[in-house]
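Q: Would you mind keeping the following structure in view while I ask a few things?
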Ligand SMILES: Cc1cc2nc3c(=O)[nH]c(=O)nc-3n(C[C@H](O)[C@H](O)[C@H](O)COP(=O)(O)OP(=O)(O)OC[C@H]3O[C@@H](n4cnc5c(N)ncnc54)[C@H](O)[C@@H]3O)c2cc1C
């Protein structure tokens, strides 16, 4: 059996591990156009701030790869010829497959304003981007950040840590308005300001000016101008679909896959940021840009490529991240509507987070230790925890496990309810019943 994996991200690697757990003899080839191979993409934020050395971004050793016994090809797949089971590489060489995994990820949506191609306009998709940012980020110079979600903050904090003066432009009136509530947005904004970031609300970038091909300023929609040396953007991402555009594979916002991560071609699978998988919580097929779902999908796809019939059961999306230095966990459905700063989804984000059905909100803590619960008829639908993370793991398990919270529902909804204590006590009992 000849397996080919396009993409050296977490989904691609998890697929290889899964294939090898079932099939020791098959021939596996991984193809990637990233010169740096497999590394932690979420780790790029910490590389930018200087908290991680680039060597720490590589979770696997050469020995690990040897044990998996696969061939690694550097290059770009430019075409999939389905009827022949052939891939074209860089329009030159060809590669045949019996089972194919498309795990090509997503990429940043381009900034479409005059001047966006100038030297000094940056994004954060790959390690190459991060290295480019570090080369351009000069102490004492000025940066402008546009966009929203987690990556915009990672850019802001990275540039700040490198000694730049940072201006963060928001089109709307608060940060990440369709995932965070007003209090949570204000906590994040307050911390950014305390770190020295200048926030500009209702500010839309319409032009980037330059001199000798390099950024030297920006112009806002209201006519204001500002001098700057670098513009960083994170206005959303889009699954990389060019490769499958003329293949008749079923597409929506990503590549549509069934519960086996199989496309409408039984020999082609898709996983990770490029795949749009069924979400039992919302009853829709959704996009995630999250490390764990990409790994889990890659794993299930690999097993099924090797002949198993394993179903992928998507759990409520979960992310522990850092927003302006504050550890924040987001689980399940927590918001809805449109955020003016992001088109579609961003990195470290899930469409499910913004798919909130009717729910009642219970919250506690109005400083940095804050918890917000979204309560359905009998179950918890979602949660946001900022600061104190003691209940983050229990809440993830209870939301994913569909815990029936009827015994404490009324109490959770009472004014001034001690919701952390109620959840902690309930968890002890539920955990035992669920045998966790
Ligand atoms: C800055 C940043 C911060 C993030 N923060 C978080 C976070 O806080 N929490 C979280 O859970 N997730 C986060 N993520 C998202 C997470 O990293 C992704 O969801 C995950 O890496 C997706 O894995 P993947 O395997 O689907 O794709 P990727 O890791 O994007 O890998 C895609 C691979 O395909 C290759 N490729 C693409 N096209 C071709 C082609 N035509 N031919 C050959 N190779 C090709 C690429 O070179 C790459 O190797 C973050 C990502 C970034 C970039």
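Q: Just to be sure, is residue 82 more than 12 Å from the ligand (Cβ to nearest atom), over 20 Å from residue 45 (Cα atoms) and either loosely packed, with under 15 Cβ neighbours inside 10 Å or touching a residue at least 24 places away in the same chain (Cβ under 8 Å) (or both)?
A: Values: more than 12 Å from the ligand (Cβ to nearest atom): yes; over 20 Å from residue 45 (Cα atoms): yes; either loosely packed, with under 15 Cβ neighbours inside 10 Å or touching a residue at least 24 places away in the same chain (Cβ under 8 Å) (or both): yes.
Yes; evaluated as a whole, the condition is true for this residue.
Q: Then there is this: Just to be sure, is residue 329 in contact with a strand residue (DSSP E or B) (Cβ under 7 Å, 6 or more places away or on another chain) and in a strand (DSSP E or B)? Break it down into steps so the answer makes sense when it comes.
A: Details: in contact with a strand residue (DSSP E or B) (Cβ under 7 Å, 6 or more places away or on another chain): yes; in a strand (DSSP E or B): yes.
So residue 329 passes the test.
Q: Being farther than 22 Å from residue 289 by Cβ and buried (at least 16 other Cβ atoms within 10 Å of the Cβ) is the filter here, so list the residues in the stretch 101-118 that pass it.
A: Result: 113, 115, 118.
Q: Yes or no: residue 386 crowded, with 19+ Cβ neighbours inside 10 Å, in contact (Cβ under 8 Å) with a residue 24 or more places away in the chain, over 27 Å from residue 202 (Cα atoms) and under 29 Å from the mean Cα position of the chain (by Cα)? Write out each step before concluding.
A: On the way: crowded, with 19+ Cβ neighbours inside 10 Å: yes; in contact (Cβ under 8 Å) with a residue 24 or more places away in the chain: yes; over 27 Å from residue 202 (Cα atoms): no; under 29 Å from the mean Cα position of the chain (by Cα): yes.
Answer is no for this residue.
Q: Does residue 140 satisfy being within 16 Å of the ligand (Cβ to nearest atom) and touching a residue at least 12 places away in the same chain (Cβ under 8 Å)?
A: It is false that residue 140 is within 16 Å of the ligand (Cβ to nearest atom) and touching a residue at least 12 places away in the same chain (Cβ under 8 Å).
Conditions tested, residue by residue: (1) away from the ligand (no atom under 11 Å from the Cβ); (2) touching a residue at least 24 places away in the same chain (Cβ under 8 Å); (3) part of a loop (DSSP other than H, G, I, E, B).
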{"position": "88", "(1), (2), (3)": "no, no, no"}
{"position": "91", "(1), (2), (3)": "yes, no, yes"}
{"position": "94", "(1), (2), (3)": "yes, no, no"}
{"position": "104", "(1), (2), (3)": "no, yes, yes"}
{"position": "112", "(1), (2), (3)": "yes, no, yes"}
{"position": "133", "(1), (2), (3)": "no, yes, no"}
{"position": "167", "(1), (2), (3)": "yes, yes, no"}
{"position": "183", "(1), (2), (3)": "yes, yes, no"}
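Q: Now a separate question. Got a sec? Which of 3, 47 is more than 8 Å from the ligand (Cβ to nearest atom), in contact (Cβ under 8 Å) with a residue 24 or more places away in the chain, over 22 Å from the mean Cα position of the chain (by Cα) and crowded, with 17+ Cβ neighbours inside 10 Å? Explain how you work it out, then say what you get.
A: Numbers: 47 fails: over 22 Å from the mean Cα position of the chain (by Cα).
None of the other options fit; the residue is 3.
Q: Please state which of the following conditions residue 326 fails to meet, knowing it meets all the rest: (1) surrounded by fewer than 22 Cβ atoms within 10 Å (Cβ to Cβ); (2) away from the ligand (no atom under 16 Å from the Cβ); (3) under 19 Å from the mean Cα position of the chain (by Cα).
A: Every listed condition holds for residue 326 apart from (2).
Q: Residues to consider are 342, 334; find the one that is under 26 Å from residue 126 (Cβ atoms), away from the ligand (no atom under 13 Å from the Cβ) and part of a loop (DSSP other than H, G, I, E, B). First the steps, then the outcome.
A: Numbers: 334 fails: under 26 Å from residue 126 (Cβ atoms).
The conditions single out 342.
Q: Does residue 293 count as within 13 Å of the ligand (Cβ to nearest atom), over 17 Å from residue 7 (Cα atoms) and crowded, with 18+ Cβ neighbours inside 10 Å?
A: Numbers: within 13 Å of the ligand (Cβ to nearest atom): yes; over 17 Å from residue 7 (Cα atoms): no; crowded, with 18+ Cβ neighbours inside 10 Å: yes.
No, not satisfied.
Q: Looking at the structure I just gave you, is residue 56 more than 30 Å from residue 160 (Cβ to Cβ), at pLDDT 95 or above, out of contact with any strand residue (DSSP E or B) (no Cβ under 7 Å at 6 or more places or on another chain) and more than 9 Å from the ligand (Cβ to nearest atom)?
A: Working: more than 30 Å from residue 160 (Cβ to Cβ): no; at pLDDT 95 or above: yes; out of contact with any strand residue (DSSP E or B) (no Cβ under 7 Å at 6 or more places or on another chain): yes; more than 9 Å from the ligand (Cβ to nearest atom): yes.
Judged against the criteria, residue 56 is not a match.
Q: Return the only residue of 151, 165 being touching a strand residue (DSSP E or B) at 6+ places or on another chain (Cβ under 7 Å) and surrounded by fewer than 18 Cβ atoms within 10 Å (Cβ to Cβ). Walk me through it before giving the result.
A: Working: 151 fails: surrounded by fewer than 18 Cβ atoms within 10 Å (Cβ to Cβ).
Criteria check complete, one pass: 165.
Q: For the stretch 6-31, which positions are in contact with a strand residue (DSSP E or B) (Cβ under 7 Å, 6 or more places away or on another chain), over 30 Å from residue 161 (Cα atoms) and within 13 Å of the ligand (Cβ to nearest atom)?
A: Of everything in the stretch 6-31, those that are in contact with a strand residue (DSSP E or B) (Cβ under 7 Å, 6 or more places away or on another chain), over 30 Å from residue 161 (Cα atoms) and within 13 Å of the ligand (Cβ to nearest atom) turn out to be 6, 7, 12, 15, 16, 29, 30, 31.
Q: Let me ask something else. Being in contact with a strand residue (DSSP E or B) (Cβ under 9 Å, 6 or more places away or on another chain) and either at pLDDT below 95 or on the phi > 0 side of the Ramachandran plot (or both): is that true of residue 279 here? Lay out the reasoning, then the answer.
A: Values: in contact with a strand residue (DSSP E or B) (Cβ under 9 Å, 6 or more places away or on another chain): yes; either at pLDDT below 95 or on the phi > 0 side of the Ramachandran plot (or both): yes.
Yes; evaluated as a whole, the condition is true for this residue.
Q: Also, quick follow-up: Exactly one condition in (1) at pLDDT 95 or above; (2) buried (at least 24 other Cβ atoms within 10 Å of the Cβ) is not met by residue 267; state its number.
A: Here residue 267 clears every test but (2).
Q: Further question: Just to check your reading of the model, which residue among 99, 71 is touching a residue at least 40 places away in the same chain (Cβ under 8 Å), in contact with a helix residue (DSSP H, G or I) (Cβ under 7 Å, 6 or more places away or on another chain) and more than 13 Å from the ligand (Cβ to nearest atom)? So that I can check it myself, show each step before the final result.
A: Working: 71 fails: in contact with a helix residue (DSSP H, G or I) (Cβ under 7 Å, 6 or more places away or on another chain).
The conditions single out 99.
Q: Scanning for something modelled with pLDDT under 95 and either in contact with a strand residue (DSSP E or B) (Cβ under 8 Å, 6 or more places away or on another chain) or in a helix (DSSP H, G or I) (or both), does the stretch 293-314 turn up at least one residue?
A: The answer is yes; a qualifying residue exists.
Q: Of everything in the stretch 372-397, what is in contact with a helix residue (DSSP H, G or I) (Cβ under 6 Å, 6 or more places away or on another chain) and more than 18 Å from residue 357 (Cα to Cα)? Give them in sequence order.
A: 385, 391, 394
The values are calculated or read from the model by the stated rules, or taken from the named source; none is laboratory data. These figures come from a predicted structure and were not determined experimentally. Methodologically, a virtual Cβ is constructed for each residue, glycine included, from the backbone with ideal geometry; neighbour enumeration extends over all protein chains shown.
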